[in-house]
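Below you'll find the structure, written out as structure tokens, and then a few comments.
The values are calculated or read from the model by the stated rules, or taken from the named source; none is laboratory data. Because the structure is a prediction, the values reported are computed rather than measured. For neighbour counting, all protein chains shown are included, and Cβ atoms are generated from backbone atoms with ideal geometry for every residue, glycine included. Each accessible area value is taken on the protein alone, full model and side chains, heavy atoms only, with ligands, DNA and RNA left out. Shrake-Rupley method; radii C 1.70, N 1.55, O 1.52, S 1.80 Å.
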Amino acid sequence: MSLELQQLVLDILDKESEIKDTRTIIFPGESKPATSQDAQLLIQGALNSLLSREIILYSTQEILAYDLSTEGAQLAEQGSHEARVWAVLPLKGQGNGMSIKDLRQAVGDESAKIGQGRAFKSGWIGKEGDNLVKLIPSIVDATREELIEIKNTGTLKAGEKSLAELRKRKLVVQKKLLWFSVQQGLHFSTSIEKPETDLTSEMLATGAWKTSNFKKYNFDADGAPPNGGALHPLLKVREEFRNIFLEMGFAEMATSQYVDSGFWNFDTLFVPQQHPARDLQDTFYISDPVESLPPPREYYEKVKEVHTNGGFGSIGYRAPWQPAESQKLLLRTHTTSCSSRLLRQLATRKGGFKPVKMFSIDRVFRNEAVDATHLAEFHQVEGVVADYGLTLADLIGFMQTFFKKMGISNLRFKPAYNPYTEPSLEIFAFHPQLNKWVEIGNSGMFRPEMLEPMGLPPDVRVHGWGLSLERPTMIRYGINNIRTLVGHKVSIEGVEKSAAVRF
Ligand SMILES: N[C@@H](Cc1ccccc1)C(=O)O
């Protein structure tokens, strides 16, 4: 229809150079002009399309008009309430009149109620005893006539007063009527060419773009809403953890080294060089380059000494030291390598050691067989507190506050082993759906063998705790298979099930 209408408008404009009032347009196949508002809106659609190509110009004209309400439309059809009351009553002097009950039956409750009053006032009806009679043999139903006039013309010749009265009676409503005046535009032509909307590679290759007519870009049009752009669940949960740490007065530490040396990832943490976790099966070693730059000499010597011969009350591992182990390049297996760097910085900073609370949330890598609960790369959330005279009770207190802010208040701690902490505690929380205690993190007080070679004062205690970002994210979003978090969703039933019980 729009194309047909566009053509019609152009043909009229071609003949008459202007359309003053679009309500004069006769639609194809019709005999009368399309004066209705619906027709004008159709015309507006066609005009907009022509306007966008500057084929025409148009201005919008607006008038206030009146229309019948539902009740008004009904009265226009059946007659006003008062006329209907008058019509059913017998004329005075012919019989005994009609009882109110019979009147109600004849015209309905509403017409009987409203119509009686108005008919009395106009002197159309009167009483004969308890009954009603009509007083005059004929009436003019002015209300109905006015309503019909409004229906046909949108207004009343009789003027404002009658209109106001009908509006008060809620028989008519006001509405805006639109129509348009149209002129020829800059690119006026009577043939409608469908303009190109895209510049294609074919047009470029053939040179057709030079003569093509392109649709003007409409910078005011609302774009299609994109359905992407949401944050990944891991990022949302990371933000929650970050906020908890910030609320507790922690600052974020630097975690930029995905690739680190055996020295920072293991040696500084007093992880023995023969520890199974260093094994190729658990750690991704870098093949090119194989070696890191040499570690800071003086510190390196202290770390080596504590590993091989002990010190600070420790007897060390008394195992042969292999410098090559320290300089192996690897993908960090935990963010505790970053905590170690941070602590060494604190020990050597110019103004001397100051207590800190720091956290990190970042990616780590382990050479693990991928299954529903394990990935070869995941994220760790780690908190570290360094201060004078901290005790195990402080660590437990910190973790209780931290996990409470995550909505987990029922914690248990189990003695565990980390090469770099003593005592070490695994953190368990009660999972109400699984109805059992599940491990949610690992923690401990860093050993003197780790802290003292760094040069931290001997009465400084450091404790830390760590957990994965993936596990709480999976719980929060009801995800059973960790692979769902990193792309393709694998849903092998057995895998999903075992993942669910393992939390
Ligand atoms: N690095 C430990 C977590 C941890 C951090 C700090 C202290 C103790 C433990 C892990 O990978 O699980």
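Points worth noting:
- Normalising the average separation of contacting C-alpha pairs (under 8 angstrom, six or more residues apart) by the number of residues puts the relative contact order of the stretch 236-502 at 20 percent.
- Listed residues 141, 102, 222 arranged by accessible area, highest first, probe 1.4 Å: 222, 102, 141
- With a Förster radius of 51 Å applied to the C-beta separation of residue 230 and residue 183, the computed FRET efficiency comes to 0.60.
- Residues of type lysines that residue 170 reaches as a straight line, Cα spacing below 18 Å, ignoring anything fewer than 8 places off in the same chain: 113, 151, 161
- In terms of packing, defined here as the mean over residues of other Cβ atoms within 10 angstrom, the peptides 206-215, 424-433 line up highest first as 424-433, 206-215.
- Cα-based Rg / Dmax (Å) for the stretch 97-200: 26.2, 91
- Placing a pseudo-label 7 Å from each Cα along the Cα-to-Cβ vector at residue 36 and residue 198 gives an inter-label distance of 3.8 nm.
- The stretch 81-140 shape via C-alpha gyration tensor axes, a/c threshold 1.5: oblate
- Remark on the stretch 407-464: ratio of C-alpha radius of gyration to 2.2 N^0.38 Å is 1.43.
- Amide H to amide H distances under 5 Å link residue 461 with 387, 388, 389, 390, where only residues 5 or more positions off or on other chains count and H is placed in the peptide plane.
- Taking a sphere under 10 Å around the Cβ of residue 181 and counting the other residues whose Cβ falls inside, with K and R at +1 and D and E at -1, yields a net charge of -1.
- Of the GluC sites (Glu not before Pro) in the stretch 106-207, the ones in a loop by DSSP (not H, G, I, E or B) with at most 13 other beta carbons within 10 Å are 193.
- Extents of the stretch 160-257, largest first, come to 76, 66, 20 Å (Cα atoms, principal axes, whole angstrom).
- Extent along the principal axes, Cα only, for the stretch 236-502: 54, 42, 30 Å, with the longest axis given first.
- Per-peptide average of other Cβ atoms within 10 Å, ordering 182-191, 113-122, 227-236 highest first: 113-122, 182-191, 227-236
- q = 0.10 Å⁻¹: log10 I(q)/I(0) that the Debye formula gives for the chain, counting C-alpha atoms only: -0.85
- The length gained by stretching the chain between residue 113 and residue 394 to full extension, at 0.36 nm per residue less their Cα-Cα distance, is 92.8 nm.
- Taking every alpha-carbon pair under 8 Å whose residues sit at least 6 apart, the chain reaches a relative contact order of 12 percent.
- Annotation: extensible slack from residue 251 through residue 406 equals 54.0 nm (criterion: 0.36 nm per residue apart, minus Cα-Cα distance).
- Long-range HN-HN contacts of residue 56 with modeled amide H, under 5 Å: 51, 185
- Förster radius 56 Å - calculated FRET efficiency between residue 130 and residue 377, Cβ distance, rounded to 0.05: 0.05
- Label point 7 Å beyond Cα of residue 60 along Cβ direction - residues of the stretch 214-231 with amide nitrogen under 20 Å: 218-223
- Taking amide H atoms as placed 1.01 Å from N in the peptide plane, the amide H of residue 379 lies under 5 Å from those of 364, 469, 470, each 5 or more residues away in sequence or on another chain.
- Across the alpha-carbon atoms of the stretch 206-285, the computed radius of gyration and Dmax are 26.6, 76 angstrom.
- Listed values for the stretch 320-332 are Karplus-derived 3J(HN,Hα) couplings in whole Hz (6.51 cos²θ - 1.76 cosθ + 1.60, θ = phi - 60°), namely x, 9, 10, x, 4, 4, 5, 9, 5, 8, 8, 8, 4, and x replaces Gly and Pro.
- Area accessible to solvent at residue 12, 1.4 Å probe radius, in Å²: 40
- R0 of 41 Å, Cβ-Cβ distance residue 206-residue 18: FRET efficiency to nearest 0.05: 0.55
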